[in-house]
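Worksheet: one structure, shown below.
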Ligand SMILES: [Fe+2]
């Protein structure tokens, strides 16, 4: 049989940057923000987070933003075909204690979202990404022990084991969740980012944070 050629049509980019933040900065962020994350999250009693932060709220966030922003430009070039000016619209720190979880969600009013892992992550509570759930059509599935999962039949993907300082970027529309954490407190810095403007043959839209 001639060798067939398969093309992955319209793939979704997911970018991982190992050691994007150095461990000194990571330690500073953990020390500073583990005391101020006092807002409860309604998806889990063991999940809390800070209020929305801006880089100007702390010199540590200025340093983090300086390291994250060039990666936004590269990721944004995949999404929009151009190296645009990008800014971090909001940042926040999540504290996921033992047993805590984050329900499936995506991020509104944003184009690139991302996470910096600040503490070791238990393998069971790696961030999981899902295809957007349907709901208005009947569903057909071939789902049993003999099925081999691949990029064309799976509906979720468990992201690689992160280390403290690692950064991941993904389109803000992508659904994601964190399964229950059986390990120690898991701390992450999350953020949303917007481009300065988009231009569709002269029809322009500008964004501000
Ligand atoms: Fe999220």
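None of the figures in this text is laboratory data; all of them are computed from the coordinates on show. Source: prediction; values computed, not measured. Note that each Cβ is placed from the backbone with ideal geometry, even for glycine, and that neighbours are counted across all protein chains shown.
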- Query: So how compact is the range 1-148: Cα radius of gyration and Dmax in angstrom?
  - Reply: 19.0, 63
- Using the Cα atoms as the points, what is the convex hull volume per residue of the range 113-209 in Å³? 179 Å³
- Message: Relative contact order for the chain: what percent, with Cα pairs under 8 Å and sequence separation of 6 or more?
- Response: 32 percent
- Message: As a footprinting exposure proxy, order 93, 115 by other Cβ within 10 Å, with the fewest listed first.
- Response: 115, 93
- Give the order of 80, 140, 75 when sorted by the count of other beta carbons within 10 angstrom, beginning with the fewest. 140, 80, 75
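Just rank 131, 141, 3, 89, fewest to most, by other beta-carbon atoms within 10 angstrom.
3, 141, 131, 89
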